[in-house]
Amino acid sequence: AEVAEVWMPYALQALERWPDRFRYAPTAWLERMADGEDLGLRMALIKALRLLTYDGELLTQVCGRRELEWVRHVELLSGCLQGDAVARALEPRDLFPRLSSLEISGARVRAHLWPTAWFTPQLESLTLSDCALDEVSGLKIFGEADFARLRALDVSDNHALAGGIFALARAEVPCLKDLDVSRSWVDRAHLEGLSLIHI
(Lines give C-alpha, C1' and ligand atoms only; values in the text may rest on other atoms or scores of the structure.)
Protein backbone atom coordinates (compact mmCIF):
# COMPACT_ATOMS: atom_id res chain seq x y z
CA ALA A 1 0.00 0.00 0.00
CA GLU A 2 2.83 2.40 0.83
CA VAL A 3 4.42 1.81 -2.59
CA ALA A 4 1.16 2.65 -4.38
CA GLU A 5 0.16 5.59 -2.20
CA VAL A 6 3.50 7.25 -1.36
CA TRP A 7 6.47 6.01 -3.38
CA MET A 8 4.89 5.85 -6.83
CA PRO A 9 3.30 9.34 -6.80
CA TYR A 10 6.64 10.78 -5.63
CA ALA A 11 8.60 8.91 -8.33
CA LEU A 12 6.15 9.84 -11.09
CA GLN A 13 6.21 13.50 -10.14
CA ALA A 14 10.01 13.53 -10.27
CA LEU A 15 10.10 11.66 -13.59
CA GLU A 16 7.76 14.11 -15.29
CA ARG A 17 10.79 16.38 -15.70
CA TRP A 18 12.71 13.64 -17.56
CA PRO A 19 12.61 13.36 -21.36
CA ASP A 20 10.78 10.23 -22.53
CA ARG A 21 13.96 8.81 -24.08
CA PHE A 22 15.56 8.41 -20.63
CA ARG A 23 12.64 6.45 -19.20
CA TYR A 24 13.31 3.20 -21.02
CA ALA A 25 12.38 -0.25 -19.76
CA PRO A 26 15.34 -2.33 -18.52
CA THR A 27 16.02 -5.35 -20.72
CA ALA A 28 15.15 -7.64 -17.80
CA TRP A 29 11.69 -6.07 -17.63
CA LEU A 30 11.20 -6.55 -21.38
CA GLU A 31 12.14 -10.23 -21.01
CA ARG A 32 9.57 -10.62 -18.25
CA MET A 33 6.95 -8.87 -20.38
CA ALA A 34 7.77 -11.18 -23.28
CA ASP A 35 7.14 -14.12 -20.92
CA GLY A 36 3.68 -12.74 -20.17
CA GLU A 37 4.35 -11.27 -16.73
CA ASP A 38 2.28 -8.27 -15.64
CA LEU A 39 4.66 -5.66 -14.23
CA GLY A 40 1.83 -3.77 -12.59
CA LEU A 41 2.56 -0.32 -11.17
CA ARG A 42 6.08 -0.28 -12.56
CA MET A 43 4.75 0.25 -16.07
CA ALA A 44 3.83 3.83 -15.15
CA LEU A 45 7.54 4.61 -14.73
CA ILE A 46 8.59 3.85 -18.31
CA LYS A 47 7.97 5.61 -21.62
CA ALA A 48 10.65 4.20 -23.91
CA LEU A 49 11.66 0.98 -25.61
CA ARG A 50 15.41 0.69 -26.17
CA LEU A 51 17.15 -2.35 -27.65
CA LEU A 52 20.73 -2.79 -28.80
CA THR A 53 22.84 -4.97 -31.06
CA TYR A 54 21.02 -8.14 -32.12
CA ASP A 55 17.99 -8.13 -29.80
CA GLY A 56 15.69 -8.81 -32.74
CA GLU A 57 14.13 -11.89 -31.16
CA LEU A 58 13.29 -10.03 -27.95
CA LEU A 59 11.92 -7.13 -30.00
CA THR A 60 9.66 -9.53 -31.88
CA GLN A 61 8.43 -11.11 -28.63
CA VAL A 62 7.71 -7.78 -26.96
CA CYS A 63 5.87 -6.43 -29.99
CA GLY A 64 3.87 -9.65 -30.11
CA ARG A 65 2.34 -8.65 -26.77
CA ARG A 66 0.43 -5.76 -28.38
CA GLU A 67 0.31 -3.87 -25.05
CA LEU A 68 2.62 -1.01 -25.92
CA GLU A 69 0.52 2.06 -25.14
CA TRP A 70 3.24 3.12 -22.70
CA VAL A 71 5.77 3.64 -25.50
CA ARG A 72 6.45 7.24 -26.57
CA HIS A 73 10.07 6.83 -27.67
CA VAL A 74 11.66 3.86 -29.48
CA GLU A 75 15.39 3.28 -29.97
CA LEU A 76 16.57 0.34 -32.07
CA LEU A 77 20.33 0.65 -32.21
CA SER A 78 23.40 -1.06 -33.62
CA GLY A 79 21.67 -3.49 -35.91
CA CYS A 80 18.82 -4.54 -33.63
CA LEU A 81 16.42 -4.38 -36.57
CA GLN A 82 17.61 -7.02 -39.03
CA GLY A 83 15.65 -9.12 -41.47
CA ASP A 84 12.14 -9.62 -42.74
CA ALA A 85 10.66 -11.39 -39.68
CA VAL A 86 11.46 -8.51 -37.33
CA ALA A 87 10.19 -5.94 -39.81
CA ARG A 88 6.89 -7.79 -40.18
CA ALA A 89 6.49 -8.00 -36.39
CA LEU A 90 6.50 -4.20 -36.34
CA GLU A 91 3.91 -3.71 -39.09
CA PRO A 92 0.61 -3.41 -37.15
CA ARG A 93 -0.64 0.17 -37.38
CA ASP A 94 -1.73 0.30 -33.73
CA LEU A 95 1.51 -1.11 -32.31
CA PHE A 96 2.79 2.20 -30.86
CA PRO A 97 -0.33 4.39 -30.56
CA ARG A 98 1.47 7.13 -28.55
CA LEU A 99 4.82 7.14 -30.35
CA SER A 100 6.32 10.61 -30.77
CA SER A 101 10.02 9.86 -31.22
CA LEU A 102 11.72 7.06 -33.19
CA GLU A 103 15.45 6.39 -33.51
CA ILE A 104 16.79 3.55 -35.66
CA SER A 105 20.42 3.02 -36.60
CA GLY A 106 22.20 0.26 -38.46
CA ALA A 107 18.97 -1.40 -39.60
CA ARG A 108 18.98 -3.69 -42.61
CA VAL A 109 15.46 -4.06 -43.98
CA ARG A 110 14.48 -4.59 -47.59
CA ALA A 111 12.96 -1.47 -49.08
CA HIS A 112 9.42 -2.77 -49.55
CA LEU A 113 9.28 -4.03 -45.94
CA TRP A 114 9.86 -0.73 -44.17
CA PRO A 115 6.76 -0.55 -41.92
CA THR A 116 5.31 2.87 -42.67
CA ALA A 117 2.88 2.23 -39.80
CA TRP A 118 5.66 3.48 -37.51
CA PHE A 119 5.59 6.89 -39.13
CA THR A 120 2.41 8.12 -37.51
CA PRO A 121 1.09 11.70 -37.77
CA GLN A 122 2.02 12.39 -34.12
CA LEU A 123 5.70 11.60 -34.76
CA GLU A 124 7.84 14.63 -33.86
CA SER A 125 11.39 13.26 -34.12
CA LEU A 126 12.73 10.61 -36.52
CA THR A 127 16.23 9.19 -36.93
CA LEU A 128 17.01 6.63 -39.64
CA SER A 129 20.80 6.68 -39.55
CA ASP A 130 23.03 4.19 -41.38
CA CYS A 131 19.99 2.13 -42.39
CA ALA A 132 21.06 1.46 -45.98
CA LEU A 133 18.11 3.48 -47.23
CA ASP A 134 18.05 3.67 -51.00
CA GLU A 135 15.86 5.40 -53.55
CA VAL A 136 13.10 2.80 -53.21
CA SER A 137 13.13 3.06 -49.41
CA GLY A 138 13.01 6.84 -49.67
CA LEU A 139 10.03 6.72 -51.99
CA LYS A 140 8.19 4.32 -49.69
CA ILE A 141 8.88 6.19 -46.46
CA PHE A 142 8.64 9.80 -47.61
CA GLY A 143 6.03 9.15 -50.25
CA GLU A 144 3.56 7.21 -48.09
CA ALA A 145 3.99 8.36 -44.49
CA ASP A 146 2.26 11.27 -42.79
CA PHE A 147 4.77 13.69 -41.22
CA ALA A 148 2.33 16.40 -40.18
CA ARG A 149 4.10 17.10 -36.85
CA LEU A 150 7.67 16.07 -37.63
CA ARG A 151 10.13 18.66 -36.28
CA ALA A 152 13.48 16.81 -36.47
CA LEU A 153 14.69 14.36 -39.12
CA ASP A 154 18.06 12.57 -39.31
CA VAL A 155 18.74 10.40 -42.38
CA SER A 156 22.52 10.65 -42.19
CA ASP A 157 24.94 7.94 -43.37
CA ASN A 158 22.58 6.46 -45.95
CA HIS A 159 25.01 6.52 -48.85
CA ALA A 160 22.56 4.98 -51.32
CA LEU A 161 19.64 7.31 -50.52
CA ALA A 162 20.56 9.51 -53.49
CA GLY A 163 17.34 9.93 -55.50
CA GLY A 164 15.31 9.32 -52.35
CA ILE A 165 16.18 12.89 -51.44
CA PHE A 166 13.74 14.07 -54.12
CA ALA A 167 10.96 12.06 -52.42
CA LEU A 168 11.89 13.83 -49.19
CA ALA A 169 11.81 17.19 -50.96
CA ARG A 170 8.27 16.47 -52.20
CA ALA A 171 7.03 15.23 -48.80
CA GLU A 172 4.69 17.32 -46.69
CA VAL A 173 6.73 18.24 -43.60
CA PRO A 174 5.24 21.59 -42.53
CA CYS A 175 6.79 21.58 -39.03
CA LEU A 176 10.33 20.45 -39.94
CA LYS A 177 12.99 22.58 -38.24
CA ASP A 178 16.03 20.30 -37.97
CA LEU A 179 17.35 18.12 -40.84
CA ASP A 180 20.53 16.01 -41.04
CA VAL A 181 21.33 14.45 -44.44
CA SER A 182 25.10 14.31 -43.98
CA ARG A 183 26.77 11.57 -46.05
CA SER A 184 23.46 10.77 -47.73
CA TRP A 185 23.76 12.67 -51.00
CA VAL A 186 26.04 11.96 -53.92
CA ASP A 187 26.15 14.67 -56.56
CA ARG A 188 25.13 18.21 -57.39
CA ALA A 189 21.62 17.18 -58.45
CA HIS A 190 20.97 15.69 -55.01
CA LEU A 191 22.40 18.78 -53.36
CA GLU A 192 20.07 20.95 -55.41
CA GLY A 193 17.21 18.64 -54.44
CA LEU A 194 17.96 19.40 -50.80
CA SER A 195 17.35 23.08 -51.50
CA LEU A 196 13.73 22.22 -52.28
CA ILE A 197 13.12 21.02 -48.72
CA HIS A 198 11.37 23.75 -46.76
CA ILE A 199 12.64 24.15 -43.20
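The values are calculated or read from the model by the stated rules, or taken from the named source; none is laboratory data. If you're wondering where the values come from, they're calculated on a predicted model, not measured in any experiment. Heads up, the Cβs are rebuilt from the backbone with ideal geometry, glycines too, and the neighbour counts pull from every protein chain shown. Accessible surface areas use protein heavy atoms only, side chains included; no ligands, DNA or RNA. Shrake-Rupley method; radii C 1.70, N 1.55, O 1.52, S 1.80 Å.
Summary table below
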{"quantity": "Close pairs (7 angstrom Cβ cut-off, 6 or more residues apart or separate chains): under 14 Å from Phe119 (Cβ atoms) in the range 145-169, modelled with pLDDT under 80 and open to solvent by 10 Å² or more (accessible area, probe 1.4 Å) anywhere", "calculated": "Ala145/Thr116; Leu168/Ile197"}
{"quantity": "Only one of Leu58, Leu81 that is farther than 20 Å from Ala111 by Cα, open to solvent by less than 50 Å² (accessible area, probe 1.4 Å) and out of contact with any Phe, Trp or Tyr (no Cβ under 9 Å at 6 or more places or on another chain)", "calculated": "Leu58"}
{"quantity": "Some residue of the range 142-154 being at pLDDT 80 or above, open to solvent by 60 Å² or more (accessible area, probe 1.4 Å), touching a Lys or Arg at 6+ places or on another chain (Cβ under 6 Å) and at negative phi", "calculated": "yes"}
{"quantity": "Residue among Arg72, Arg66, Arg17 that alone is within 26 Å of Ile141 (Cβ to Cβ), open to solvent by 20 Å² or more (accessible area, probe 1.4 Å) and out of contact with any helix residue (DSSP H, G or I) (no Cβ under 7 Å at 6 or more places or on another chain)", "calculated": "Arg66"}
{"quantity": "In the range 98-124, residue most open to solvent (accessible area, probe 1.4 Å) [restricted to those that are in a strand (DSSP E or B) and over 23 Å from Glu69 (Cβ atoms)]", "calculated": "Arg108"}
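Per-residue answers, yes or no, for (1) touching a strand residue (DSSP E or B) at 6+ places or on another chain (Cβ under 6 Å); (2) within 22 Å of Phe22 (Cβ to Cβ); (3) of a type in the set (Asp, Glu):
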residue	(1), (2), (3)
Ile46	no, yes, no
Gln61	no, no, no
Gly64	no, no, no
Val71	yes, yes, no
Ala85	no, no, no
Glu103	yes, yes, yes
Ala111	no, no, no
Thr116	no, no, no
